[in-house]
Amino acid sequence: MSPVPDPAITDLLSRAGSGDDLASSRLFEVVFAELRVIAGSAFRAAPANTLQPTVLVGDAWAKLVGHLGEMESRVHFYAVAAKAMRQVLADEARRRRSQKRGGGQRGVTLCDGDGLAPAAGYDLVDLSDSLERLRSLNERHADIVELRFFSGLTIAETAQAIGFSPDTVKDDWVMARAWLRRELGPA
């Protein structure tokens, strides 16, 4: 995902987690471009959002900064960052929904991330809530959805991130998407 080697980011994560403000600032500089790529994936998935990518990255960073020492590696950091971005987008969608009572919102799609046609559109709040229900049933499936859908990782990258084979991830991705579509109902 990032041209910066794992050890460099892992070292910065460790130092930032220990309270080194300089390491925290350097880490943000190093990961900012990749976080913008993740934000771009989130924007393609949820076109109805009103946040700018830089604002999304900043809001997600604010969620992450107090937990940097808990991150085990670059891949773990980006997985948690994708989750933070999903939460920021869902919170923003909830805010808009409460103001507009859902009027005129466009949905998000459950595309496969491999260039195939996207599936039907769903409301981001409903998707986020369903993803949390999926997490309570099968954490790995929820992780795969977050990494594929919100981070835009490939099957191979997702497999590396969670430590399972690409075949397992591919099968789980199919099952998780089917569960979410059934849970969300017709779009």
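So the values come out like this:
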read-out: Hz values of 3J(HN,Hα) by residue in segment 169-183 - Karplus curve (6.51, -1.76, 1.60), Gly and Pro given as x; value: 4, 4, 5, 5, 4, 4, 5, 5, 4, 5, 4, 5, 4, 5, 5
read-out: Segment Asp171-Arg95, length gained on full extension (0.36 nm per residue, minus Cα span); value: 23.9 nm
read-out: Sorted by Cβ neighbour density within 10 Å, fewest at the top, the residues Thr54, Thr10; value: Thr54, Thr10
read-out: Computed E for Ser14/Glu183 - FRET, C-beta separation, R0 35 angstrom, nearest 0.05; value: 0.35
read-out: Under-5 Å amide H pairs with Asp123, H placed in peptide plane, nonlocal only; value: Val108
read-out: 3J(HN,Hα) from dihedral phi, segment 23-33, Karplus parametrisation 6.51/-1.76/1.60, rounded to Hz, x for glycine, proline; value: 5, 5, 5, 5, 4, 4, 4, 5, 9, 4, 4
read-out: Mean Cβ neighbour count within 10 Å, used as a protection proxy, ranking 78-88, 16-26 highest first; value: 78-88, 16-26
read-out: Integer Hz, Karplus 6.51/-1.76/1.60 couplings in order for segment 61-76, x for Gly and Pro; value: 4, 4, 6, 7, 4, x, 10, 4, x, 7, 7, 8, 6, 4, 5, 4
read-out: Environment charge of Glu183, counting only residues whose C-beta is closer than 10 Å and scoring Lys/Arg +1, Asp/Glu -1; value: +1
read-out: Student exercise, segment 122-187 dipole from Lys, Arg, Asp, Glu Cβ charges, in Debye to nearest 20; value: 160
read-out: Cβ-based exposure ranking for Met71, Met175, in which fewest neighbours within 10 Å come first; value: Met175, Met71
read-out: Separation in nanometres of the label points that stand 7 Å from Cα toward Cβ, at Glu29 and Glu70; value: 2.8
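Laboratory data are not the source of any read-out in this text; all were calculated from the coordinates shown. Keep in mind that what you see is a predicted model, and the values were worked out from it rather than measured. Cβ coordinates were reconstructed from backbone atoms using ideal geometry, including for glycine residues, and neighbour counts include every protein chain displayed.
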